[in-house]
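I have placed the structure first, in the form of structure tokens, so that the comments after it can refer back to it.
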Amino acid sequence: MPSRPQEPDRAASEPVEPVPEITERPPRGDLPPPGPPRPKAANDEPGPDAAGPTPAEDEYTTAIQELEDRWRRALSDLDNLRKRHARELERERAVERSRTAAAFLPVLDNLELALTHAGADPGAIVEGIRAVRDQAVNVLELLGYPRHAETGVAFDPARHEVVGVVQDPDAPPGTVVEVLRPGYGDGERQLRPAAVTVAKRE
């Protein structure tokens with residue numbers, strides 16, 4: 001029985017493609033070069049490069065917090081002192097106003113008495129009003145504001161306000177001839193200067 005011719009091996013007859021050689025890829029510029037792994041501390045504790053506050057930083061942070069606390073307490077104390085001073089000042093003003101008003105109560109009482117006797121002798125009424133005026137002047141003097149209504153004295157710009165200049169041969173030049181409105185107080189405690197007329201200089 002004739003034998004069949006054997007077919008040629010197709011795998012052996014087909015050309016074999018060459019396998020490309022594997023070359024090492026160049027490292028990328030944005031990646032760190034490969035290196036040996038960093039050693040870990042024993043018991044899985046973070047190494048010396050691990051992030052964390054140092055004892056010096058902790059000390060500075062504590063000092064800053066203490067300074068901030070002291071600053072806030074100082075501001076609170078200052079605000080309390082300001083409020084207490086304002087209350088004390090207002091209380092002193094109220095006491096002073098009350099004392100001044102109480103000093104003038106007798107003056108008002110005498111004015112009421114003078115008005116009650118308005119139908120009596122006119123001369124007595126005039127004397128009563130003059131007495132009330134003197135009493136009010138005395139109250140102002142006790143409060144530290146004496147009355148100034150002197151004539152014949154040298155003109156003083158700190159105590160006098162010139163409202164007119166007159167020719168008076170009997171008065172030396174520059175002296176007060178007439179007081180039109182009395183002044184009260186002296187220096188820094190002056191309520192108002194006296195309005196006067198002054199003798200004209202030659």
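Taking the conditions exactly as written (open to solvent by 60 Å² or more (accessible area, probe 1.4 Å), modelled with pLDDT of 90 or more and under 30 Å from Leu108 (Cβ atoms)), does Arg130 satisfy them or not?
So Arg130 does not fit the description; no.
Of the residues that make up region 74-87, is at least one under 28 Å from Leu140 (Cα atoms) and assigned to a helix (DSSP H, G or I)?
Within region 74-87 (the criterion being under 28 Å from Leu140 (Cα atoms) and assigned to a helix (DSSP H, G or I)), the answer is yes, since at least one residue qualifies.
For region 40-63, the count of residues that are modelled with pLDDT of 85 or more, open to solvent by less than 100 Å² (accessible area, probe 1.4 Å) and not β-branched (Val, Ile, Thr) is nonzero.
From the list Gly119, Gly144, the one residue that fits, being touching a residue at least 40 places away in the same chain (Cβ under 8 Å) and part of a loop (DSSP other than H, G, I, E, B), is Gly144. Only one of the numbered conditions (1) at pLDDT 90 or above; (2) surrounded by 13 or more Cβ atoms within 10 Å (Cβ to Cβ) is not met by Leu143, and that is (1). Considering Gly123, Gly152, the condition of being within 30 Å of Ala199 (Cβ to Cβ) and of a type in the set (Gly, Ala, Ser) is satisfied by Gly152 alone.
Rundown of residues vs (1) touching a helix residue (DSSP H, G or I) at 6+ places or on another chain (Cβ under 9 Å); (2) under 30 Å from Pro146 (Cα atoms), yes/no style:
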{"site": "Tyr60", "(1), (2)": "no, no"}
{"site": "Arg72", "(1), (2)": "no, no"}
{"site": "Asn80", "(1), (2)": "no, no"}
{"site": "His85", "(1), (2)": "no, no"}
{"site": "Leu89", "(1), (2)": "no, yes"}
{"site": "Glu96", "(1), (2)": "no, yes"}
{"site": "Asp109", "(1), (2)": "no, yes"}
{"site": "Ala114", "(1), (2)": "yes, yes"}
{"site": "Gly128", "(1), (2)": "yes, yes"}
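Got a sec? Which strands (runs of 3 or more DSSP E) wholly within region 151-202 have at least 1 residues that are without any contact (Cβ under 8 Å) to a residue 24 or more places away in the chain and open to solvent by 60 Å² or more (accessible area, probe 1.4 Å)? The qualifying strands (runs of 3 or more DSSP E) are 176-181.
The values are calculated or read from the model by the stated rules, or taken from the named source; none is laboratory data. Keep in mind that what you see is a predicted model, and the values were worked out from it rather than measured. When we count neighbours, we look across all protein chains shown, and the Cβ atoms used for this are built from the backbone with ideal geometry, even at glycine. Heads up: the accessible areas ignore ligands, DNA and RNA and are worked out on the full protein's heavy atoms, side chains in. Shrake-Rupley method; radii C 1.70, N 1.55, O 1.52, S 1.80 Å.
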